[in-house]
1. Among L105, L78, L86, which is surrounded by 15 or more Cβ atoms within 10 Å (Cβ to Cβ) and under 30 Å from N133 (Cα atoms)?
2. From the list I113, I92, which one is in contact with a Pro (Cβ under 9 Å, 6 or more places away or on another chain), surrounded by fewer than 18 Cβ atoms within 10 Å (Cβ to Cβ) and without any contact (Cβ under 8 Å) to a residue 60 or more places away in the chain?
3. Can we say P24 is loosely packed, with under 12 Cβ neighbours inside 10 Å, without any contact (Cβ under 8 Å) to a residue 24 or more places away in the chain and over 18 Å from the mean Cα position of the chain (by Cα)?
4. Just need a number here: residues in the stretch 45-62 that are more than 13 Å from A101 (Cα to Cα), of a type in the set (S, T, N, Q) and over 15 Å from the mean Cα position of the chain (by Cα).
5. L96 fails exactly one of the following numbered conditions: (1) more than 16 Å from P56 (Cβ to Cβ); (2) out of contact with any helix residue (DSSP H, G or I) (no Cβ under 7 Å at 6 or more places or on another chain); (3) of a type in the set (A, V, I, L, M). What is the number of that condition?
6. Scan the stretch 4-19 for residues that are closer than 20 Å to W118 by Cβ and surrounded by 10 or more Cβ atoms within 10 Å (Cβ to Cβ) and report the count.
7. Checking the conditions here, which among F72, F37, F65 is of a type in the set (A, V, I, L, M, F, W, C), surrounded by fewer than 16 Cβ atoms within 10 Å (Cβ to Cβ) and more than 12 Å from the chain's Cα centre (by Cα)?
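Only the coordinates and a few stated rules stand behind these numbers; no lab work does. All values derive from a computational prediction rather than experimental measurement. Neighbour counts are summed over all protein chains in view; Cβ atoms, including those assigned to glycine, are modelled from backbone coordinates with ideal geometry.
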Amino acid sequence: MPAYSWYSQLLKPTWAPPAWLFGPVWTVLYVIIAISFGTVFYRAFTKKISWQVALPFALNLVFNFVFTPLQFGLQNNLAGSFDILLVLGTLIWALLAVWHASPKLRWVVYANIPYLLWTTFATCLQLTITYLNR
């Protein structure tokens, strides 16, 4: 079954946003992620911060990018739920790591507040959808 048809047939909570909202939100978030994560990686490559600081950012990108294939490609709510918990966990880890590592990079934490808020909301949504469709 095509991903859109499959997802539209799932039971969702009343507070689930309309499907059209996800594209614009992720477009803005990916710009924030590209600039802020790119800065962290640049600082790690130039040895201005430790690679240990950059590690959770890299893991977050991996987990973020595998969500769509897991959730919509495999049409697997449970795998999507597990993955989005990893996205949220690595994002929190990344923001704490950069906050403590470099006062000059604290703007990265502030810039990613929208990503953190959306990911927290999306995690609650994903877990609720998984529960409703068990």
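1. The match here is L86.
2. Of I113, I92, the one residue that is in contact with a Pro (Cβ under 9 Å, 6 or more places away or on another chain), surrounded by fewer than 18 Cβ atoms within 10 Å (Cβ to Cβ) and without any contact (Cβ under 8 Å) to a residue 60 or more places away in the chain is I92.
3. no
4. Counting residues in the stretch 45-62 that are more than 13 Å from A101 (Cα to Cα), of a type in the set (S, T, N, Q) and over 15 Å from the mean Cα position of the chain (by Cα) gives 1.
5. Going through the list (1) more than 16 Å from P56 (Cβ to Cβ); (2) out of contact with any helix residue (DSSP H, G or I) (no Cβ under 7 Å at 6 or more places or on another chain); (3) of a type in the set (A, V, I, L, M), L96 breaks only (1).
6. 7
7. After ruling out the rest, the residue left standing is F72.
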